[in-house]
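Asks: Could you have a look at this structure, given as structure tokens, before my questions?
The values are calculated or read from the model by the stated rules, or taken from the named source; none is laboratory data. In this text the structure is predicted, and so the values were computed from the model without any measurement. Neighbour counts run over all protein chains shown; Cβ positions are idealised from the backbone, glycine included.
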Amino acid sequence: MSGEPLLSVRDLVVEFSTERGVVRAVDRVSFDVHPNETVGLVGESGCGKTVTGLSILGLIPSPPGRIAAGSIRFQGRELVGLPESEFRRIRGQDIAMIFQEPMTALNPVFTVGNQMIDVLRRYRGLTRRQARGAAIELLAKVGIPAPEARIDEYPHQLSGGMRQRVVIAMALSCDPKLIVADEPTTALDVTTQAQVLEQMVILQREFHMAMILVTHDLGVVAETCHRAIVMYCGRIAEKAEIGPLFEHPRHPYTVGLLESIPRVGEHEKEDLAVIPGMVPDLLHLPPGCRFADRCRRRQPRCDEALPELDGREDDRSRVACYFPAEPPT
Amino acid sequence: MSATTGSTAAPMAGTAQPAAGERRRQTLWSKAAWKFRRDRAGMVGLAVVLAYFVAALGVWTGVWATGWADVAGGKWEPVSAEHWFGTNLIGQDIFQRSVYSIKTAFEVGLVVAVLSTLLGAMLGAMAGFFSGRISDELILWLMGVLDSIPFYLLVAAIAFALEGNPYAMHVAMISTFWITTGRLVRGEVIKLKNLEFVEAAHAIGVSEYVIILRHIIPNTFHILLVQSTITFVAAIKSEVILSFLGLGVKDGMSWGLMISESTFEVLAGFFNNFLAASVLMFGLVMAFNMFSDALQDALDPRKVS
Amino acid sequence: MEVLQYSLRKLVAGIPLILGVTFVSFLLMVYFGPDQTYELLGKNPTPEQIAEIRHQLGYDKPFLVRYADYLRELATLDFGHSNSTGEKVSALLGRTIPVSLMLILPGFLLGNLIAIVLALVAANYRSGWVDKSIMGFSVIGMSISYLIVIIAFQVIFSSSYGLGIFPVRGWNVHSLADYVDYIAVPTMATVFVALGYNTRFYRSVIVEELTRDHVRTARAFGVPPAKLLYRNVLKNAMIPIITRIVFSIPLIVISGALLVESYFGIPGVGKVTFDAITTGDQPVLKAVVGLTAVMFVLAQLLTDILYRAVDPRVSLK
């Protein structure tokens with residue numbers, strides 16, 4: 001990728017104050033997103049991927065959360081510290097978000113159309129009638145059959161997949177330049193999941209948007225993303241383009257993740273690999289590498305200091321590990 | 001793909017079940033204690049309540065406020081060194097009377113809070129455990145019925161039915177105040193009985209009553225504690241109004257009786273009786289409310305503040 | 001049509017409740033209640049006179065017959081005549097209930113409306129100083145007894161020791177100005193007390209609603225905070241709000257009015273009830289209790305229908 005990045009996150013630190021102390025949910029995370037590309041943000045639950053996504057839209061619940069340091073630049077404009085009233089104009093319009101739970105993400109007491117029309121009128125200055133037309137068009141675009149009828153239904157009358165399509169349609173309604181999708185298909189059954197993902201890829205191309213796909217599912221990443229960022233315990237473990245990442249993962253954590261995906265045909269008799277051990281408690285982090293406890297390549301050095309991402313800023317593959325698996329040269 | 005969620009799948013042995021319930025409790029209580037201690041308003045409230053309680057104990061053991069019924073001065077004497085809050089219409093010491101009333105307030109509050117919490121816990125647990133069955137329907141019906149009778153009318157009716165028994169007020173309060181507790185306990189029990197450790201106890205053949213007593217009721221203690229503080233406050237406040245209506249405290253002295261005494265005094269410009277009872281009562285109720293709030297914050301994981 | 005069918009079903013389902021309430025109150029108030037025999041007799045009555053009076057009062061009939069008589073009275077709204085004034089009970093209630101409604105409604109409405117506004121403001125500034133002050137005042141309001149507020153407000157606003165701008169007690173209403181004059185102090189007292197509990201309740205309802213996912217969605221689509229509250233949140237919070245408001249109606253008409261009316265000497269249904277309590281006027285008590293029970297069943301019905309109006313997920317089945 002080259003050219004000016006659309007979104008540029010630098011050394012982002014997000015902290016939450018809890019009853020037991022301050023937790024760093026995101027610790028010095030940096031990455032870029034370029035126009036038209038899809039970037040996967042991958043990791044186990046609690047690794048900070050969702051928080052990273054939310055902070056791009058200024059939606060960190062505060063208190064208890066806050067962006068403690070770092071910068072998020074969108075089209076060259078600094079978002080950290082932006083007043084709420086200005087942030088509001090960016091949300092929905094320039095950056096849209098798709099949430100994990102289609103069951104609860106829509107307001108149950110308003111019709112689908114009502115919620116969409118609201119967004120359309122606010123951003124596009126349409127009349128009610130025009131907005132309704134536009135909403136029907138969008139619903140058709142995301143693959144909802146009979147949108148003229150569906151538009152007047154309430155969320156509880158739709159299936160999970162339908163609801164998620166409605167949320168996607170809402171996200172598209174203002175032609176955003178970036179969509180942050182937080183586990184958009186996790187709550188759906190497998191068939192629906194595949195359909196919705198396919199639709200999203202098509203729409204992303206059609207609308208010329210960039211997308212950040214937050215997910216725990218490497219399978220989803222493989223199908224949809226150009227690049228992936230693997231996070232562990234609030235830190236970036238590895239970032240790479242999809243091809244290299246899947247063929248030659250370098251961070252032992254990425255290796256473990258890939259091994260734990262079941263594959264049809266290969267090693268049928270063998271048990272599925274599991275990464276041993278537990279994710280460390282964010283309140284009591286070791287001074288060294290956070291993955292060290294579970295790592296099979298662990299050396300004394302790993303426990304001394306946190307490894308930083310290696311390589312240059314524009315490198316295709318970067319890893320935060322002292323002893324990464326070396327890619328074939 | 002996550003290796004961290006593997007622990008839930010292992011089936012637990014029957015002997016391990018009570019431990020699961022206990023663990024649930026312990027973490028709740030130790031977390032709550034920690035949270036409560038950090039709540040400044042709650043700690044202040046608790047301290048004030050304890051101070052009042054000491055005052056009540058002093059009355060109860062006869063250390064002070066022994067002369068609350070004696071005529072010790074003239075009519076409506078102002079504040080003096082001898083009579084700190086002055087005297088009432090017939091020359092009784094208002095300070096002693098208002099302090100004596102602390103004891104009455106604690107008596108009413110404790111009796112009503114403890115008994116209505118017990119009643120609510122038992123009936124609520126029964127209804128919840130047998131939810132959907134006839135006993136549940138009956139208890140729910142009873143709750144609905146008692147809820148639909150205006151409180152003061154019920155008190156009056158019970159007072160009549162008990163023919164002026166001094167505890168008619170207590171009985172009436174208990175018979176209405178248990179309902180909220182009962183409803184909450186019922187809801188919690190329905191939730192609890194579907195949890196694994198209760199199902200497991202069932203599976204290894206523990207009898208239903210043992211399950212209710214040993215496994216379910218202990219897990220509703222946090223509700224009971226909070227509800228009893230709320231009931232305590234409600235009882236003290238109701239006493240004042242019932243005593244004013246002539247349905248409350250029959251013998252002895254209470255803030256309610258003092259305030260109803262004062263209703264014609266205030267129009268004659270004598271406020272000592274009214275102020276003494278109101279301020280002391282406000283202090284206790286406010287402190288108890290603060291204490292109760294802090295308890296709720298600490299104990300109710302669902303409460304958003 | 002759907003609503004009508006539903007209402008009928010609900011009313012039928014409310015019968016056990018009405019039976020229960022009337023039965024319990026009948027048992028307590030009439031069967032175990034005060035015996036009027038000797039109040040109606042002269043000195044040294046003969047056993048025949050006693051039996052005669054007991055027969056007149058219906059005391060000699062079996063329990064179930066007396067209860068059935070009561071139910072018949074309730075169904076026909078004919079409760080006979082008040083023991084103490086001799087006035088027909090239905091006429092007495094018809095005269096006093098409007099007074100109570102006029103007295104209580106303004107305070108009731110204001111107490112809820114102001115509380116909802118305060119709750120929205122507090123929730124909007126959640127954890128900030130605005131929130132903390134509003135909630136602090138609400139706890140103070142909750143801690144002061146209604147009776148104390150009534151007495152204090154009367155002294156402050158009505159007596160010669162205070163401002164002395166409103167009538168001390170009574171109900172001498174011939175014009176709108178009179179009306180405002182007489183309800184001013186009771187209404188202020190009612191609102192003051194209601195604000196404490198209501199604000200707290202409504203705030204917790206609204207705050208809980210604010211934590212829902214759909215609120216986050218709305219925020220992610222740039223809905224401004226004020227609009228978020230009054231449009232996206234308020235309608236969702238309507239179910240607990242409606243429940244609280246509707247269910248407090250039967251209670252305030254009787255219980256709420258009882259204290260204010262007896263303190264301010266206002267001839268409403270509360271005062272009538274209070275007098276009936278103190279004199280053991282059974283026809284009046286029976287009427288009040290029976291009608292309250294019916295009002296509760298109607299309130300239940302009303303809430304269910306209103307739920308349907310605010311929440312499409314609720315079905316009237």
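Asks: Inside the stretch B:271-295, can you point out the residues that are more than 8 Å from chain C (Cβ to nearest Cβ), modelled with pLDDT under 90 and surrounded by fewer than 21 Cβ atoms within 10 Å (Cβ to Cβ)?
Replies: B:Leu275
Asks: Quick check on the stretch B:22-37. Is at least one of its residues modelled with pLDDT under 80, away from chain A (no Cβ under 14 Å), part of a loop (DSSP other than H, G, I, E, B) and in contact with a helix residue (DSSP H, G or I) (Cβ under 9 Å, 6 or more places away or on another chain)?
Replies: The answer is no; no qualifying residue exists.
Asks: Which ones in the stretch A:97-110 are within 12 Å of the chain's Cα centre (by Cα) and buried (at least 24 other Cβ atoms within 10 Å of the Cβ)? Outline the logic, then answer.
Replies: Residues of the stretch A:97-110 within 12 Å of the chain's Cα centre (by Cα): A:97-100.
Residues satisfying the conditions are A:Met97, A:Ile98, A:Phe99.
Asks: Here's something else I'd like to know. For B:Ile217, work out the one condition from (1) touching a residue at least 24 places away in the same chain (Cβ under 8 Å); (2) of a type outside the set (Ser, Thr, Tyr); (3) crowded, with 22+ Cβ neighbours inside 10 Å it doesn't fulfil.
Replies: Tallying (1) touching a residue at least 24 places away in the same chain (Cβ under 8 Å); (2) of a type outside the set (Ser, Thr, Tyr); (3) crowded, with 22+ Cβ neighbours inside 10 Å, B:Ile217 fails exactly one: (3).
Asks: State which residue is farthest from the other protein chains (Cβ to nearest Cβ) when the search covers only the stretch B:148-194 and only residues that are closer than 19 Å to B:Ile216 by Cβ and without any contact (Cβ under 8 Å) to a residue 24 or more places away in the chain.
Replies: B:Asn194
Asks: Just a yes or no: is a residue in the stretch C:227-235 in contact with a Phe, Trp or Tyr (Cβ under 7 Å, 6 or more places away or on another chain) and either at pLDDT 85 or above or assigned to a helix (DSSP H, G or I) (or both)?
Replies: Scanning the stretch C:227-235 turns up no residue that is in contact with a Phe, Trp or Tyr (Cβ under 7 Å, 6 or more places away or on another chain) and either at pLDDT 85 or above or assigned to a helix (DSSP H, G or I) (or both).
Asks: Those residues that are closer than 14 Å to A:Leu54 by Cα and away from chain C (no Cβ under 13 Å), I need them from the stretch A:75-120; list them, please.
Replies: A:Leu79, A:Val80
Asks: So, of the residues in the stretch C:171-189 that are among the small types (Gly, Ala, Ser) and under 27 Å from C:Phe247 (Cα atoms), which turns out to be farthest from the other protein chains (Cβ to nearest Cβ)?
Replies: C:Ala184
Asks: Do we find that C:Asp304 is touching a residue at least 24 places away in the same chain (Cβ under 8 Å), assigned to a helix (DSSP H, G or I) and away from chain B (no Cβ under 12 Å) in this structure? Don't jump to the end; show me each part of the working.
Replies: Working: touching a residue at least 24 places away in the same chain (Cβ under 8 Å): yes; assigned to a helix (DSSP H, G or I): yes; away from chain B (no Cβ under 12 Å): yes.
In short, yes.
Asks: Now, a different point. Looking only at helices (runs of 4 or more DSSP H) that fall completely inside the stretch A:138-231, which ones have 2 or more residues that are polar (S, T, N, Q)? Show your work before the answer.
Replies: Working: elements: A:147-150, A:160-172, A:190-206, A:218-224.
Because the criterion is at least 2 residues that are polar (S, T, N, Q), the helices (runs of 4 or more DSSP H) in the stretch A:138-231 that meet it are A:190-206.
Asks: Shifting gears a bit: For the stretch B:226-240, enumerate the residues that are farther than 19 Å from B:Leu162 by Cβ and within 12 Å of chain C (Cβ to nearest Cβ).
Replies: B:Ile230, B:Val233, B:Ala234, B:Ile236, B:Lys237, B:Val240
Asks: If I ask for residues that are assigned to a loop (DSSP other than H, G, I, E, B) and touching a Cys at 6+ places or on another chain (Cβ under 9 Å), which ones from the stretch A:18-43 would you list?
Replies: A:Glu37, A:Gly43
Asks: Conditions: (1) within 30 Å of B:Leu89 (Cα to Cα); (2) among the small types (Gly, Ala, Ser); (3) surrounded by fewer than 23 Cβ atoms within 10 Å (Cβ to Cβ); (4) modelled with pLDDT under 85. B:Ser262 meets all but one. Number of the miss?
Replies: Result: B:Ser262 passes all but (3).
Asks: Moving on. If you scan the stretch C:138-160, which residues turn out to be at the interface with chain B (Cβ under 7 Å from one of its Cβ atoms), free of Cβ contacts under 8 Å to residues at least 12 places away in the same chain and not hydrophobic (A, V, I, L, M, F, W, C)?
Replies: C:Ser145, C:Ser159
Asks: Does A:Val180 satisfy the criteria of being at pLDDT 85 or above, in contact with a Leu (Cβ under 7 Å, 6 or more places away or on another chain) and crowded, with 18+ Cβ neighbours inside 10 Å?
Replies: Values: at pLDDT 85 or above: yes; in contact with a Leu (Cβ under 7 Å, 6 or more places away or on another chain): yes; crowded, with 18+ Cβ neighbours inside 10 Å: yes.
When the stated conditions are applied, A:Val180 passes them.
Asks: Looking only at the stretch C:91-104, which residues are more than 15 Å from C:Thr292 (Cβ to Cβ) and either under 18 Å from the mean Cα position of the chain (by Cα) or surrounded by fewer than 17 Cβ atoms within 10 Å (Cβ to Cβ) (or both)?
Replies: Correct list: C:Ala91, C:Gly94, C:Arg95, C:Pro98, C:Val99, C:Met102, C:Leu103.
Asks: Find all pairs meeting these conditions: Cβ atoms under 7 angstrom apart; at least six residues apart or on different chains; first residue within the stretch C:175-193 and crowded, with 22+ Cβ neighbours inside 10 Å; second residue among the hydroxyl-bearing types (Ser, Thr, Tyr).
Replies: The qualifying pairs are C:Val185/C:Ser158; C:Val193/C:Tyr146.
Asks: Just to verify a result, which residue in the stretch A:121-146, among those that are within 12 Å of another protein chain (Cβ to nearest Cβ) and free of Cβ contacts under 8 Å to residues at least 40 places away in the same chain, is farthest from A:Arg88 (Cα to Cα)?
Replies: A:Arg121
Asks: Scanning the stretch C:198-241 for residues that are touching a residue at least 12 places away in the same chain (Cβ under 8 Å) and of a type in the set (S, T, N, Q), which turns out surrounded by the most Cβ atoms within 10 Å (Cβ to Cβ)?
Replies: Ranking the qualifying residues of the stretch C:198-241, first place goes to C:Thr199.
Asks: Quick check on the stretch C:190-238: of everything there that is farther than 30 Å from B:Met286 by Cα and among the β-branched types (Val, Ile, Thr), which residue is nearest to the other protein chains (Cβ to nearest Cβ)?
Replies: C:Thr217
Asks: Also, quick follow-up: Condition first: free of Cβ contacts under 8 Å to residues at least 12 places away in the same chain and either buried (at least 19 other Cβ atoms within 10 Å of the Cβ) or more than 26 Å from C:Val207 (Cα to Cα) (or both). Can you find one or more residues in the stretch C:264-283 that meet it?
Replies: Yes, the stretch C:264-283 has at least one match.
Asks: Among the residues of the stretch A:154-172, is any closer than 22 Å to A:Phe31 by Cβ, touching a residue at least 12 places away in the same chain (Cβ under 8 Å) and in contact with a His (Cβ under 9 Å, 6 or more places away or on another chain)?
Replies: Checked against the condition, which is being closer than 22 Å to A:Phe31 by Cβ, touching a residue at least 12 places away in the same chain (Cβ under 8 Å) and in contact with a His (Cβ under 9 Å, 6 or more places away or on another chain), the stretch A:154-172 yields no hits at all.
Asks: So, of the residues in the stretch B:53-79 that are at pLDDT 75 or above and of a type in the set (Gly, Ala, Ser), which turns out to be farthest from B:Phe282 (Cα to Cα)?
Replies: The qualifying residue farthest from B:Phe282 (Cα to Cα) is B:Gly62.
Asks: Determine whether the stretch A:147-155 contains at least one residue that is within 13 Å of chain C (Cβ to nearest Cβ), within 30 Å of A:Val33 (Cβ to Cβ) and in contact with a Ser or Thr (Cβ under 7 Å, 6 or more places away or on another chain).
Replies: No, the conditions are met nowhere in the stretch A:147-155.
Asks: Still on this structure: Taking the condition closer than 25 Å to A:Leu54 by Cβ and either surrounded by fewer than 17 Cβ atoms within 10 Å (Cβ to Cβ) or among the aliphatic types (A, V, I, L, M) (or both), does A:Val190 pass?
Replies: No: the conditions fail for A:Val190.
Asks: Something else about it: Search the stretch A:275-315 for residues being in contact with a strand residue (DSSP E or B) (Cβ under 7 Å, 6 or more places away or on another chain) and surrounded by fewer than 13 Cβ atoms within 10 Å (Cβ to Cβ), and hand back the single one that is modelled with the highest pLDDT.
Replies: A:Leu283
Asks: Let me ask another. Among the candidates C:Val253, C:Val207, C:Val193, single out the residue that is touching a Lys or Arg at 6+ places or on another chain (Cβ under 7 Å) and β-branched (Val, Ile, Thr).
Replies: Of the residues listed, the single one that is touching a Lys or Arg at 6+ places or on another chain (Cβ under 7 Å) and β-branched (Val, Ile, Thr) is C:Val207.
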